[in-house]
Amino acid sequence: MALDAAWADKWMRLSAAALSENRQRLTTLDREIGDADHGENMERGFSAVVEKLEADGVPETPGAVFKTTAMTLMSKVGGAAGPLYGTAFLRASTAAGTAPVLGPAELVAVLAAARDGIVARGKAEPGDKTMIDAWTPAVDAAATAESAGSGPVEILTAAANAAEAGLAGTEPLVARKGRASYLGERSAGHLDPGAASTALILHAAVSAAEAAA
Amino acid sequence: MKKLINNPRSVVAESLEGFGLAHHELVQIHLDPDYVLRRDVPVEGRVGLVSGGGSGHEPLHGGYVGRGMLTAAVPGPVFTSPTPDQILPAIVKSDSGSGVLLVVKNYTGDVLNFETAAELAAVEGIDVRTVVVNDDVAVEDSLYTAGRRGVAGTVLLERIAGGAADRGDDLGKVAEIAERVNANVRSMGVALAPCTVPHAGEPSFTLAEDEIEMGVGIHGEPGRHRVAMTNADSITDQLMEPVLSDLGVASGDRVLLFVNGMGGTPLSELYIVYRRAAKILEERGARVERSLVGNYITALEMEGASVTVLRLDDEMTELWDSPVNTPALRWGV
């Protein structure tokens with residue numbers, strides 16, 4: 001099994017499928033504390049990514065897949081999610097470089113770069129009740145797994161599970177960034193929709209890696 | 001959900017098509033990516049004024065494209081900011097060589113997407129400045145929130161900055177006037193009933209029969225707290241108090257009073273609010289020199305209203321009165 005361009009392509013397709021299946025759930029989460037468009041936006045963006053990959057053919061490197069993803073999300077998603085996920089995949093693309101296959105260390109670097117890009121754009125910190133509350137534990141778990149000598153599937157699984165736990169951890173938080181911050185204390189008791197889409201996307205990375213195994 | 005639509009996904013495009021047909025003498029419509037341009041762009045020797053944001057706030061922003069206001073407007077999907085690939089061509093086509101001022105409401109998505117577009121426009125050699133409108137006193141501006149939102153004050157800013165651009169002020173001067181409007185305008189809104197975003201299909205929030213949401217933004221998203229339903233005068237008092245104390249309105253101040261409908265409240269009720277708000281200003285010793293009442297920045301069919309007070313100076317008043325010819329605001333022509 002190798003984290004090559006076919007894996008990255010599969011990752012994006014499985015992300016699109018997961019976001020489409022969960023469109024209503026994400027929109028409902030967003031309606032509770034935001035403006036009810038996250039599911040719609042993410043489905044529209046990732047469907048466009050799949051269309052672009054199908055129209056252009058699968059690129060030669062994971063980095064090139066991430067770049068196509070970044071540019072498409074930036075031009076199709078809008079809202080806050082477009083620039084945030086767009087920047088994440090753009091930074092991931094840069095970190096992946098022209099390598100045809102990502103090894104464990106490169107994989108962790110890619111995930112960390114994605115997280116750092118979201119932080120740079122959105123200026124959120126852990127505890128602000130944003131997608132960073134899923135991304136940060138995911139990157140930490142991936143780094144821990146990698147230093148313990150795990151392979152790509154185990155690293156991605158650790159990341160996805162940590163993102164899921166991070167998502168659950170957003171429930172009691174009071175939002176300090178984005179539209180949910182206007183609710184103040186009333187934002188507590190709800191899951192963050194951006195953390196929910198992050199968990200879906202990272203789980204899709206695991207499924208893609210297992211399929212490539 | 002009962003709406004006069006064909007398909008939730010084609011609401012923006014079909015609405016834009018109709019808007020373009022109805023106002024073809026003033027505007028031209030570009031679809032995919034979506035943006036609205038003045039019929040006569042670029043206007044030689046004039047700074048371009050470009051704004052945009054989610055759809056569902058009509059007539060903002062497309063309704064304000066034309067002489068004396070915006071050069072271009074960029075509509076996103078309903079309640080979702082537009083993307084940089086829409087905003088960039090609107091900037092490029094609005095630039096006559098005199099530069100472009102972007103008017104951005106302080107919402108996270110709007111700020112991020114316009115920021116990206118401004119960076120791309122700068123790479124193309126266009127002189128771009130940005131003013132971020134944040135007139136909503138319902139939201140505390142602190143390190144722990146996204147900051148005060150841009151709401152109804154945006155309409156007043158677009159008119160006055162547009163007047164400055166139309167008389168030939170340079171980019172620095174237009175931006176300075178826009179910042180001056182932003183520094184002197186405050187708003188606060190209330191919702192009596194929610195709206196339904198077409199693609200969501202369900203109301204964005206729920207309110208009991210006897211409660212109202214004080215301090216809503218233009219999507220119905222809350223700002224302060226839910227309170228018991230009461231009469232119009234009492235609601236107006238609750239809207240005006242934070243506006244006036246935040247703006248620091250004093251005796252002798254000259255102001256523009258703007259009562260805006262959110263889309264589902266009749267004009268008669270807006271005038272009832274205006275009546276009380278004007279009386280409060282009079283009691284403070286402020287002079288209401290200009291006014292605006294109507295549905296100018298809406299939240300689909302949400303029931304509710306906002307009050308906006310702008311402290312005027314001579315130049316702002318002169319620019320407010322200067323000719324404007326747009327689908328939604330027109331005088332002096």
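Can you name every residue in the stretch B:79-109 that is more than 7 Å from chain A (Cβ to nearest Cβ), open to solvent by 10 Å² or more (accessible area, probe 1.4 Å) and closer than 23 Å to B:HIS219 by Cα?
B:GLN86, B:ASN106
Could you grab me the full set of residues in the stretch A:172-200 that are hydrophobic (A, V, I, L, M, F, W, C), more than 14 Å from chain B (Cβ to nearest Cβ) and more than 23 Å from A:TRP11 (Cα to Cα)? Break it down stepwise before answering.
Here is the first cut: in the stretch A:172-200, the residues hydrophobic (A, V, I, L, M, F, W, C) are A:173-175, A:180, A:183, A:188, A:191, A:195-196, A:199-200.
Still in the list and also more than 14 Å from chain B (Cβ to nearest Cβ): A:191, A:195-196, A:199-200.
Scanning the stretch A:172-200 gives a single hit, A:LEU191.
Scan A:SER197, A:SER187 and give me the residue that is open to solvent by less than 10 Å² (accessible area, probe 1.4 Å), under 17 Å from A:ALA80 (Cα atoms) and in contact (Cβ under 8 Å) with a residue 12 or more places away in the chain.
That would be A:SER197, the only listed residue that is open to solvent by less than 10 Å² (accessible area, probe 1.4 Å), under 17 Å from A:ALA80 (Cα atoms) and in contact (Cβ under 8 Å) with a residue 12 or more places away in the chain.
Check the stretch B:62-73 and report whether any residue there is under 22 Å from the mean Cα position of the chain (by Cα), more than 22 Å from B:GLY150 (Cα to Cα) and outside any helix (DSSP H, G or I).
Yes, the stretch B:62-73 contains a residue that is under 22 Å from the mean Cα position of the chain (by Cα), more than 22 Å from B:GLY150 (Cα to Cα) and outside any helix (DSSP H, G or I).
So which of B:VAL47, B:VAL74, B:VAL36 is buried (at least 24 other Cβ atoms within 10 Å of the Cβ) and in contact (Cβ under 8 Å) with a residue 60 or more places away in the chain?
Working: B:VAL74 fails: in contact (Cβ under 8 Å) with a residue 60 or more places away in the chain; B:VAL36 fails: in contact (Cβ under 8 Å) with a residue 60 or more places away in the chain.
Exactly one of B:VAL47, B:VAL74, B:VAL36 is buried (at least 24 other Cβ atoms within 10 Å of the Cβ) and in contact (Cβ under 8 Å) with a residue 60 or more places away in the chain, namely B:VAL47.
Look at A:ALA99 and say whether it is open to solvent by 20 Å² or more (accessible area, probe 1.4 Å) and touching a residue at least 60 places away in the same chain (Cβ under 8 Å).
no
Among the residues of the stretch B:185-198, is there at least one that is open to solvent by 30 Å² or more (accessible area, probe 1.4 Å), under 25 Å from A:ASP30 (Cβ atoms) and modelled with pLDDT under 95?
yes
Could you grab me the full set of residues in the stretch B:113-131 that are within 14 Å of chain A (Cβ to nearest Cβ) and open to solvent by 10 Å² or more (accessible area, probe 1.4 Å)? It would help to see each step written out before you state the result.
First pass over the stretch B:113-131, keeping only residues within 14 Å of chain A (Cβ to nearest Cβ): B:113-120.
If the condition is that a residue be within 14 Å of chain A (Cβ to nearest Cβ) and open to solvent by 10 Å² or more (accessible area, probe 1.4 Å), then B:GLU115, B:THR116, B:ALA118, B:GLU119, B:LEU120 are the ones that fit.
Hey, could you check the stretch A:102-118 for residues that are of a type outside the set (A, V, I, L, M, F, W, C) and more than 14 Å from chain B (Cβ to nearest Cβ) and say which is surrounded by the fewest Cβ atoms within 10 Å (Cβ to Cβ)?
Taking the stretch A:102-118 first, the residues of a type outside the set (A, V, I, L, M, F, W, C) are A:103-104, A:106, A:115-117.
If we keep only those that are more than 14 Å from chain B (Cβ to nearest Cβ) too, we end up with A:103-104, A:106, A:115-116.
Values: A:GLY103: 14, A:PRO104: 18, A:GLU106: 19, A:ARG115: 23, A:ASP116: 17.
Result: A:GLY103.
Of the residues that make up the stretch A:68-80, is at least one over 28 Å from B:ARG149 (Cα atoms) and in contact (Cβ under 8 Å) with a residue 40 or more places away in the chain?
The answer is yes, given that some residue of the stretch A:68-80 is over 28 Å from B:ARG149 (Cα atoms) and in contact (Cβ under 8 Å) with a residue 40 or more places away in the chain.
Would a scan of the stretch A:18-26 turn up a residue that is touching a residue at least 24 places away in the same chain (Cβ under 8 Å), open to solvent by less than 40 Å² (accessible area, probe 1.4 Å), within 14 Å of chain B (Cβ to nearest Cβ) and in a helix (DSSP H, G or I)? Full working, then the answer.
Taking the stretch A:18-26 as the starting set, the residues that turn out to be touching a residue at least 24 places away in the same chain (Cβ under 8 Å) are A:18-20, A:22, A:25-26.
Narrowing the set further to residues that are open to solvent by less than 40 Å² (accessible area, probe 1.4 Å) leaves A:18-19, A:22, A:26.
Still in the running and within 14 Å of chain B (Cβ to nearest Cβ): A:26.
In the following step, the residues that additionally are in a helix (DSSP H, G or I) were identified as A:26.
Yes - at least one qualifying residue is present in the stretch A:18-26.
Given the conditions (1) of a type outside the set (D, E, K, R); (2) touching a residue at least 40 places away in the same chain (Cβ under 8 Å); (3) within 27 Å of B:GLY220 (Cα to Cα), report the number of the one that B:ASN7 does not fulfil.
(2)
Quick check, is B:ARG9 in contact with an Asp or Glu (Cβ under 8 Å, 6 or more places away or on another chain), among the charged types (D, E, K, R) and surrounded by fewer than 20 Cβ atoms within 10 Å (Cβ to Cβ)? Working first, answer last.
Numbers: in contact with an Asp or Glu (Cβ under 8 Å, 6 or more places away or on another chain): no; among the charged types (D, E, K, R): yes; surrounded by fewer than 20 Cβ atoms within 10 Å (Cβ to Cβ): yes.
In short, no.
State which residue pairs qualify: first residue over 16 Å from B:GLU176 (Cβ atoms) and inside the stretch B:312-325, second residue aliphatic (A, V, I, L, M) and assigned to a helix (DSSP H, G or I) in any location, beta carbons under 8 Å apart, and separation of 6 or more residues or different chains.
Correct list of pairs: B:TRP320/B:LEU156; B:TRP320/B:ILE160.
With the condition kept exactly as written, say whether any residue in the stretch A:151-171 is within 12 Å of another protein chain (Cβ to nearest Cβ), hydroxyl-bearing (Ser, Thr, Tyr) and farther than 16 Å from A:VAL110 by Cβ. Before you say what the answer is, go through the steps one by one.
Filtering the stretch A:151-171 down to residues within 12 Å of another protein chain (Cβ to nearest Cβ) leaves none.
Within the stretch A:151-171 (the criterion being within 12 Å of another protein chain (Cβ to nearest Cβ), hydroxyl-bearing (Ser, Thr, Tyr) and farther than 16 Å from A:VAL110 by Cβ), the answer is no, since none of the residues qualifies.
Which members of the stretch B:202-225 meet the condition of being more than 25 Å from B:LEU156 (Cα to Cα), at the interface with chain A (Cβ under 9 Å from one of its Cβ atoms) and either touching an Asp or Glu at 6+ places or on another chain (Cβ under 6 Å) or of a type in the set (Gly, Ala, Ser) (or both)?
The one that is more than 25 Å from B:LEU156 (Cα to Cα), at the interface with chain A (Cβ under 9 Å from one of its Cβ atoms) and either touching an Asp or Glu at 6+ places or on another chain (Cβ under 6 Å) or of a type in the set (Gly, Ala, Ser) (or both): B:SER204.
Checking the structure you have, find out if any residue of the stretch B:206-224 is in a loop (DSSP other than H, G, I, E, B), hydrophobic (A, V, I, L, M, F, W, C) and free of Cβ contacts under 8 Å to residues at least 12 places away in the same chain. Working first, answer last.
Narrowing the stretch B:206-224 to residues in a loop (DSSP other than H, G, I, E, B): B:206-210, B:215-224.
From what's left, hydrophobic (A, V, I, L, M, F, W, C): B:207-208, B:216, B:218.
Retained after the next criterion (residues that are free of Cβ contacts under 8 Å to residues at least 12 places away in the same chain): B:208.
For the stretch B:206-224, residues in a loop (DSSP other than H, G, I, E, B), hydrophobic (A, V, I, L, M, F, W, C) and free of Cβ contacts under 8 Å to residues at least 12 places away in the same chain: present.
Could you give every pair whose Cβ atoms fall below 6 Å, whose first residue belongs to the stretch B:89-116 and is touching a residue at least 12 places away in the same chain (Cβ under 8 Å), and whose second residue is of a type in the set (S, T, N, Q) and in a helix (DSSP H, G or I), counting only separations of at least 6 or pairs across chains?
Final answer for the pair search is B:VAL100/B:SER94; B:LYS105/B:THR154.
Criterion first (closer than 19 Å to A:HIS190 by Cα, more than 13 Å from the chain's Cα centre (by Cα) and open to solvent by 20 Å² or more (accessible area, probe 1.4 Å)) does A:ARG121 satisfy it?
Values: closer than 19 Å to A:HIS190 by Cα: no; more than 13 Å from the chain's Cα centre (by Cα): yes; open to solvent by 20 Å² or more (accessible area, probe 1.4 Å): yes.
Against the criterion (closer than 19 Å to A:HIS190 by Cα, more than 13 Å from the chain's Cα centre (by Cα) and open to solvent by 20 Å² or more (accessible area, probe 1.4 Å)), A:ARG121 does not qualify.
Would you mention how many residues in the stretch A:68-78 are within 8 Å of another protein chain (Cβ to nearest Cβ) and open to solvent by 10 Å² or more (accessible area, probe 1.4 Å)? Step through it out loud before you land on a result.
To start, the set of residues in the stretch A:68-78 that are within 8 Å of another protein chain (Cβ to nearest Cβ) comprises A:74-78.
Subset that is open to solvent by 10 Å² or more (accessible area, probe 1.4 Å): A:74-76.
Total satisfying the criteria: 3.
The values are calculated or read from the model by the stated rules, or taken from the named source; none is laboratory data. This is a predicted model, so every value here is computed, not measured. Because the Cβ atoms are built from the backbone with ideal geometry, glycine has one as well, and the counts that use them run over all protein chains shown. SASA here: full protein model, heavy atoms, side chains in, ligands and nucleic acids out. Shrake-Rupley method; radii C 1.70, N 1.55, O 1.52, S 1.80 Å.
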